[in-house]
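Data block below; observations after.
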Amino acid sequence: MAGDALLQVEDLRTYFHTRGGVVRAVDGVSFDIRKGETLGIVGESGSGKSVACYSLLRLIPQPPGRFESGRAMFDGTDLLHCSDEELRKIRGNRLSMIFQDPMTSLNPYMRIGEQLIEPLLLHRDVSRDDAWQQGVAALRDVGIQDGEKRMRSYPHEFSGGMRQRVMIAMALITRPELLIADEPTTALDVTVQAQILELIRKMQCELGSAVIFITHDIGIVSSFCDRVLVMYAGRIIETAPTAQLFYEPKHPYNQALQRAIPALNAKGRDLYTIPGAPPDVSKPMRGCPFAPRCEYAQEKCVTSKIELWDVAPNHRSACLRVKLGEIDLTPAERPDTSAVEDPVRA
Amino acid sequence: MFRFIAGRLLQMIPVLLIIATLTFFMIRLAPGGPFDAEKSVSPEIRKSLEKYYRMVNPDGSPRSLWLQLGDYLGNLAKGDLGPSSKYSSRTVNELIGESFPVSAELALWSLLIALGFGLPAGITASLRPNTASDYIPSSLAMAGISVPNFVIGPLLVLVFALKLEWVRVSGWDDWIDRILPSITLGVLYAAYIARLTRGGMLEILSQDFIRTARAKGASQLRVVMKHALRGGLVPVVSYLGPAVAGLVTGSFVVESIFQVPGLGRYFVNAAFNRDYTMVLGAVLFYAALIVLFNLLVDLVLVWMDPKQKFA
Ligand SMILES: Nc1ncnc2c1ncn2[C@@H]1O[C@H](COP(=O)(O)OP(=O)(O)OP(=O)(O)O)[C@@H](O)[C@H]1O
Ligand SMILES: [Mg+2]
C-alpha cells in the first residue's frame, strides 16, 4: 500500500498553544491515500478534521499552532518540513484545497475573476487572456452561466452557494493531483451538489487525481468515497473501505454513529444519541478518548496504550476490546446506506 | 458619484458660514484691537484706519458688529477675504497665497516621510507579531507619539545643524533646509501611521481569505501586496483626513522653530496682533481645506471598498 501512495501522513500532531492550555487538535494521525482514490473523513465538529487537512499545506497559524511531530510525504516531498519555496510550488498547483466557509474564504476586495485565475497565473505559463478564458469555462463547469460578466463581479454580489462554486472552480482550475475538500457542498442544493460531485469524479477519471473529502453527509460518503477515516478527539479511531465501515463497524463510536443516523434507522424508533460529550482536547488524555462515553469500556481501555490496530483485512480500529476479540459490533440488520440523502450532523 | 460630491460641496457652505460667524465674534470679544500695539499710531490715523476697515461709520460713530459681519460675509461670497488689519497695504488673499504654498510644501514632505516610514514599519511589524521585527518598529512608533515636536525639532538642530553642521539651523531656501522641519513635523504622523498600518494588516492577515491566497501558492510578498494591503490600509486612509489637517494647521510650531515663512506663522502672529481679517481668513481657509480633504478621503475609501456605493 505504501508503495503507490500519493500522500503518506505519519504521526501528525498539531497542537495550539493557547492561553487556556495546549489544544491537541490533531494528536497522532497517520494515513495514506493512493492516486485516484477518494478518502472520506468524518467525525464530530471539533474532532480535528479541518486542522489535520490544513496542516498538510502548513496553513495553520503559527503561533499559536505548532507541528509537534509528523511527516507528510507527497510524492517524495515532506510537506511539513520542505522549504517555503518548494511548498509554494505545490500549493494550488498539485495540491488544492476547498475551504469550509465560502462566505469568508474569498477576498472581498478582489474581483472573482482575479481570484479564480490566480492559480493559473502563479503556476502555469499562460497569458492573462488565456487564463481568463479558462476562468470563464471553469465557472461554466460549476454551473455559473454568464461567466464573462460574473468574472468581473465582487464576492459580495454572489450568493453563498455561488461563492462555494467559485471556491471549487478555483481549486480545480489547475487540475491538481490531490484535492482536499473541506465540506465543499454544504451550501449547495442537491442538484448542484450532484453536478459538483460529477465534476470532481470526471477530473478523477481523466487525471487520476486523489480526493480527500471532509463531510458530515453520510450520503456523499457512501456514494462517493472509497475509504473512510473516522476521527475523534484529534485521532483516527477507525478506517475501512466505505461499505465495510458502515456494515461492519469495528469501533463502538462508529457503531454509535450508525445508530444516530435517522435514515439508517427503522421509522418510529427513537433516535439514538450518544451520551456525554466529546472530550476536551486541551486536557491530557489517557488511553481511549471515547472510553468515558463507551458502553463497552473497561478499566484496561483507560490504562492501556491505544493504537490503530489491524482488526480485519483493510480495516483498522483503535478499540482495544475489538482487537482482543472480546466484543463484536456487527449490527443485526444491514442498513441500506445507498438510499441516504439527508446531510447528517454527527 | 457626481451627486455625492456636489452634495458634500453644498454642505460646506453652512459649515463655513457657522465657522465664519463664530470666529468673527470670538476674535472681536478678545481684548485689544489691531491698532493697539502700534504706539506711534496717532488718534487721527487710528480714526482713518478704523474708517478704512469700516469698523466705524463715516461720521465716526461705532458701527454694529452685525453690520460688520454682513460686510465680511458679503465680500466672502465674492471670494474676497478683505485687507489685512495689520498690514493695511496687503490683502488676506495675498498673504495666504504667498505663505500657504510654503506650508503646503512642508506638509507634503512631512506626509511623504510619514508614509515612507510608517507604512513599511507597520507592515513589517504585522508580519511577525510579537517578535523582534514587531517590537522594534512598534516601540519606535510609541516613542514618536510620546515625544512632542518642540522637543524633537531643537534636538535635531542640536545634532545635525550645530554639532555635525550638515544643515543650517533655520531658513527655507535650499532643498536641504526642508529636511529637518519635514522630519520634525512628520515623526508623529509616521508613528501613528505605523501603528494603524500594523493594526489594519494584522486584522486582514488573520482573515480566511488570506489563507485561501496562501493555499493557492501565493508568495508572502504577493499575499501582502495583492491580497492584504487594500483592506489593511483602510484605517490609514481614514486617518489621512485628520492627519493632513494636522500637518497643515499644526505646522506653526515647526515653522516657528525653523523660521519657515509659512501660513502657520502668519496665523499665530495674526492672532497675537488681533489682525481680525487675517485670523478669520486663515481659519476659513483651513476649514475649507479640511472639509475638502475629508471629502477626498471619503472618495478614496469608497473606491477601496467594493461593497460601498456612493449614497
Ligand atoms: N487557531 C486555533 N487556535 C486554537 N484552537 C484551534 C484553532 N483552530 C482550531 N482549533 C481547535 O482545534 C480543534 C479542531 O478543530 P477543527 O476545525 O479541525 O474541527 P473540525 O473537525 O473541522 O470541525 P467542524 O466539523 O466543525 O469543521 C477544535 O477544538 C478547535 O477549537
Ligand atoms: Mg472543519
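Some notes on this structure:
- As a length-normalised measure over Cα pairs under 8 Å and 6 or more apart, the relative contact order of chain B settles at 25 percent.
- Taking each residue as 0.36 nm, the span from residue B:159 to residue B:176 lengthens on full extension beyond its C-alpha to C-alpha distance by 4.6 nm.
- Amide proton proximity set for residue A:212, modelled H, under 5 Å, gap of 5+: A:39, A:179, A:180, A:181
- Restricting the calculation to Cα atoms, region A:1-131 yields a radius of gyration followed by a Dmax of 16.4, 51 Å.
- ³J(HN,Hα) computed for each position of region B:216-225 - Karplus, 6.51 cos²θ - 1.76 cosθ + 1.60, integer Hz, glycine/proline x: 7, x, 6, 6, 3, 4, 5, 4, 5, 6
- Residue among A:312, A:291, A:137 with the largest mean-square fluctuation in a Gaussian network model of chain A, springs linking Cα atoms under 10 Å: A:312
- Cut-off under 5 Å, modelled amide H: who pairs with residue A:306 long-range: A:287
- Max mean-square fluctuation residue, GNM over chain A, Cα-Cα springs under 10 Å, options A:244, A:62, A:115: A:62
- Packing-based exposure ordering (other Cβ within 10 Å, fewest first) of B:25, A:99, A:158: B:25, A:158, A:99
- Entries of A:283/A:305; A:35/A:89; A:250/A:283; B:51/B:86 with Cα pairs more than 21 Å apart: A:250/A:283
- Computed from phi, the 3J(HN,Hα) profile of region A:286-301 under the Karplus parametrisation 6.51, -1.76, 1.60 (θ = phi - 60°) reads 10, x, 7, x, 8, 3, x, 10, 8, 6, 9, 5, 10, 3, 5, 5 Hz, with x in place of Gly and Pro.
- Taking a ≥ b ≥ c as the square roots of the eigenvalues of the Cα gyration tensor, an a/c ratio of 1.5 or more together with a/b no larger than b/c marks region A:230-330 as oblate.
- Counting only residues at least eight positions apart within a chain, or on another chain, the aspartates and glutamates with an alpha carbon under 13 Å from that of residue B:47 are B:36, B:59.
- Placing +1 on each Lys and Arg Cβ and -1 on each Asp and Glu Cβ, with no other charges, gives the protein assembly as shown a dipole about its Cα centre of roughly 980 debye.
- In the protein assembly as shown, taking the dipole from charged Cβ atoms about the Cα centre, the farthest positive-side position among A:56, B:26, B:10 is held by B:26.
- Partner aspartates and glutamates for residue A:323 [C-alpha distance under 18 Å; skip if fewer than 8 residues away on the same chain]: A:238, A:248, A:295, A:299, A:307, A:310
- Electrostatic dipole magnitude of chain B [Cβ: Lys, Arg +1; Asp, Glu -1; Cα centre; debye, to 20]: 1000 debye
- Counting only lysines at least 8 places from residue B:309 when in the same chain, those with an alpha carbon closer than 24 Å to its own are A:149, B:226.
- Viscosity 0.692 mPa s, 37 °C: Kirkwood-radius Stokes-Einstein D of region B:10-138 over Cα pairs, µm²/s: 172 µm²/s
- Here's the picture: charge each Lys and Arg Cβ at +1 and each Asp and Glu Cβ at -1 in region B:87-246, and of B:142, B:97, B:189 the one pushed furthest to the positive end of that dipole is B:142.
- Three-way shape call for chain B based on the alpha-carbon gyration tensor, with the a/c threshold at 1.5: oblate
- Annotation: the residues A:191, B:212, sorted from fewest to most other C-beta atoms within 10 Å of their own C-beta, follow the order A:191, B:212.
- Taking amide hydrogens as placed 1.01 Å from N in the peptide plane, the amide H of residue A:27 sits under 5 Å from those of A:14, A:235, each at least 5 positions away in sequence or on another chain.
- Ordered by the count of other Cβ atoms within 10 Å of each Cβ, fewest first, A:330, B:21, A:174 give A:330, B:21, A:174.
- Tensor-based shape of chain A (alpha-carbon gyration tensor, a/c under 1.5 rounded, otherwise prolate or oblate): prolate
- Largest-first principal axis extents, alpha carbons of the protein assembly as shown, Å: 121, 56, 52
- When chain B is treated as a GNM with alpha-carbon contacts under 10 Å, the residue of B:109, B:172, B:66 showing the greatest mean-square fluctuation is B:66.
- Separation between Cα centres of region A:214-261 and region B:173-215, rounded to whole Å: 51 Å
- About the centre of its Cα atoms, chain A shows a dipole size close to 580 debye [charges on the beta carbon of Lys, Arg (+1) and Asp, Glu (-1) only; nearest 20 debye].
- Between region A:99-116 and region A:125-193, the Cα center-to-center distance that results, in Å: 10 Å
- Using θ = phi - 60° in the Karplus curve 6.51 cos²θ - 1.76 cosθ + 1.60, the 3J(HN,Hα) couplings for region A:177-187 round to 6, 9, 10, 10, 10, 9, 6, x, 10, 5, 8 Hz; x is entered for Gly and Pro.
- Chain B: angle of helix B:234-249 to the longest principal axis, Cα-based, in degrees nearest 10: 30 degrees
Here, each number is a calculation from the coordinates, and none is a lab measurement. In this text, all values refer to a predicted model and were calculated from it rather than measured experimentally. Cβ: placed from backbone, ideal geometry, glycine included. Neighbour counts: every protein chain shown.
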